[in-house]
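A short worksheet on the structure shown next.
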Amino acid sequence: MFKRPIRKSAKRDVIRPGHRFEGEVRDLNSDGQAVVAHPDGRVFFVPGAWRGEKGLFEVTQLKGRMGFARLVSLTEESPRRRSPPCPHNGFATDNCGGCPWMFMEYAEQLRSKELQLQKMLQALNPELTPGTIWASPEEFAYRNRAQLKTDGRRLGYVASNSREIAEISDCLVLNTKNQQTLKDLKARLPNPEWKPSRAKHWSTLDLDDDIIAADVTANQRRPFRQGNSAQNQRMRDWLASKVADLETPASVVELFAGSGNFTDILVASGCKNICAVDSFRPAIERLQSRSLPGVTGLCSDLGRPGSAADLETALSAATLLLLDPPREGLKNIDDYLKLAPRLQTIIYISCDLATLARDLNVAIKHRFQLREVQPLDLFPQTPHIEALTVLTR
Ligand SMILES: C[S@@+](CC[C@H](N)C(=O)[O-])C[C@H]1O[C@@H](n2cnc3c(N)ncnc32)[C@H](O)[C@@H]1O
């Protein structure tokens with residue numbers, strides 16, 4: 001008699017938020033979150049877990065073949081895990097999201113940053129060994145600036161797991177002056193002047209160790225400043241040593257110059273004809289007010305299509321290109337390099353490895369070689385990596 005074959009169910013279990021599974025952390029992604037594979041092959045990103053750790057995870061959000069999960073419990077934990085010294089730290093919706101790596105020892109955070117950089121270099125230039133990362137002299141109390149959020153009743157940072165304000169009473173990564181300013185600002189709550197407009201979720205308060213609480217005005221953006229003064233000095237010293245290595249004094253185009261943090265190093269190192277560009281007018285005005293010899297400050301949006309052509313004269317004379325972009329990098333770097341035939345050296349200071357790799361690939365197509373990569377830790381307790389690179393033709 002004919003028997004119908006038993007049909008195997010082709011359908012996999014449907015995974016929904018709330019579904020729990022056991023897994024192991026294989027790696028960390030570029031945002032510093034654990035990468036955990038579900039037994040069905042789907043990949044989940046998990047904050048607060050580390051390479052090699054095993055545990056129980058719960059799905060919180062799905063996005064195609066990927067998703068997000070939270071750590072429920074650990075069955076194997078890293079020997080480098082520690083109890084975060086800040087009471088606001090954690091991964092619940094009301095915890096502060098400012099220091100997502102605080103649960104790991106500082107030496108392990110540094111090791112992980114080096115690994116991320118090595119991975120990026122594998123594709124670009126496998127023969128080049130990056131320098132050992134320069135640790136921050138202070139693991140805590142290093143931040144010379146920060147941005148607080150307030151709704152006029154509460155004051156804090158953006159929460160770990162939501163777009164809410166996580167209220168804080170103290171912040172261990174702020175330097176002593178800013179910790180005092182934070183206390184003084186908290187004493188001004190409730191404050192109707194800080195209430196956000198209807199379109200906004202919160203108002204911002206920019207802390208800076210150049211100012212006191214009385215000088216802080218809601219929603220007043222301050223010109224960019226590197227957030228860790230000791231490490232900024234290290235970057236400036238590094239830049240001076242690289243410029244000293246150049247054979248002749250350079251004609252320079254400096255992109256993303258801010259208010260001239262690196263421009264004065266170029267001047268002191270003997271560079272001539274420095275064209276320094278930034279899109280933030282108050283920063284360029286501050287740079288111009290310093291009257292640095294040989295420096296022309298220009299305000300321009302460097303990401304705008306066609307923006308390279310505005311700098312044609314400066315680019316055609318430049319022998320050195322210095323750039324220090326925000327995380328987006330310079331996606332139209334090709335336009336700039338095409339207009340700079342005399343360029344011998346590029347010094348690219350980056351805060352984002354993915355856009356750095358993208359932009360360096362373009363430079364390599366323009367016959368530049370990557371000669372040096374020096375990582376530096378500007379922001380302990382976070383996955384942020386600063387990379388100082390030199391390319392020559
Ligand atoms: C990482 S900061 C570097 C600033 C400066 N090199 C320093 O060390 O203080 C990046 C700078 O890029 C500027 N910026 C951001 N987007 C820009 C754009 N599209 N065009 C030009 N400048 C931009 C910001 O105003 C900021 O000053």
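Please verify whether residue 305 is farther than 24 Å from residue 332 by Cβ, at pLDDT below 95 and not β-branched (Val, Ile, Thr), treating the condition exactly as stated.
no
If I ask for residues that are modelled with pLDDT under 95 and hydrophobic (A, V, I, L, M, F, W, C), which ones from region 6-44 would you list?
Within region 6-44, 6, 10, 14, 15 meet the criteria.
Return the residues of region 167-177 that are in a loop (DSSP other than H, G, I, E, B) and among the acidic types (Asp, Glu); say none if nothing qualifies.
170
Right, residue 255: hydrophobic (A, V, I, L, M, F, W, C) and modelled with pLDDT of 95 or more or not?
yes
Here is a yes/no grid of residues against (1) in contact with a Gly (Cβ under 6 Å, 6 or more places away or on another chain); (2) more than 17 Å from residue 28 (Cα to Cα); (3) among the β-branched types (Val, Ile, Thr):
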position: 47; (1), (2), (3): no, no, no
position: 50; (1), (2), (3): no, no, no
position: 57; (1), (2), (3): yes, no, no
position: 63; (1), (2), (3): no, yes, no
position: 68; (1), (2), (3): no, no, no
position: 72; (1), (2), (3): no, yes, yes
position: 91; (1), (2), (3): yes, no, no
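Applying the selection to region 178-189, what residues are in a loop (DSSP other than H, G, I, E, B) and surrounded by 12 or more Cβ atoms within 10 Å (Cβ to Cβ)?
188, 189
Just checking, how many residues over region 285-305 are within 25 Å of residue 241 (Cα to Cα) and either within 11 Å of the ligand (Cβ to nearest atom) or hydrophobic (A, V, I, L, M, F, W, C) (or both)?
Total satisfying the criteria: 3.
Residue under question is residue 111, and the condition is that it be free of Cβ contacts under 8 Å to residues at least 12 places away in the same chain and outside any loop (DSSP other than H, G, I, E, B); does it hold?
yes
Does residue 127 satisfy being over 19 Å from residue 29 (Cα atoms) and out of contact with any strand residue (DSSP E or B) (no Cβ under 9 Å at 6 or more places or on another chain)?
Yes.
Could you tell me which numbered condition residue 378 fails, if it satisfies all but one of (1) surrounded by 18 or more Cβ atoms within 10 Å (Cβ to Cβ); (2) more than 16 Å from the ligand (Cβ to nearest atom)?
Going through (1) surrounded by 18 or more Cβ atoms within 10 Å (Cβ to Cβ); (2) more than 16 Å from the ligand (Cβ to nearest atom) one by one, residue 378 breaks only (2).
Could you figure out which of (1) near the ligand (Cβ under 9 Å from one of its atoms); (2) assigned by TED's automatic domain parsing to the domain that holds residue 176 isn't true of residue 201?
Unmet for residue 201, out of (1) near the ligand (Cβ under 9 Å from one of its atoms); (2) assigned by TED's automatic domain parsing to the domain that holds residue 176: (1).
Can you pull out the residues in region 222-245 that are touching a Gly at 6+ places or on another chain (Cβ under 9 Å), touching a residue at least 60 places away in the same chain (Cβ under 8 Å) and more than 12 Å from the ligand (Cβ to nearest atom)?
Result: 243, single match.
The conditions are (1) at pLDDT below 95; (2) closer than 14 Å to residue 321 by Cα, and residue 276 fails exactly one of them. Which is it?
Residue 276 satisfies every listed condition except (1).
Here are some conditions: (1) part of a loop (DSSP other than H, G, I, E, B); (2) at pLDDT 95 or above. Residue 349 meets all but one. Which one does it not meet?
Of (1) part of a loop (DSSP other than H, G, I, E, B); (2) at pLDDT 95 or above, only one is false for residue 349: (1).
The values are calculated or read from the model by the stated rules, or taken from the named source; none is laboratory data. Note that the structure is predicted; figures quoted are calculated from it, not measured. Here the Cβ is made from the backbone with ideal geometry for all residues, glycine too, and neighbour counts use every protein chain on show.
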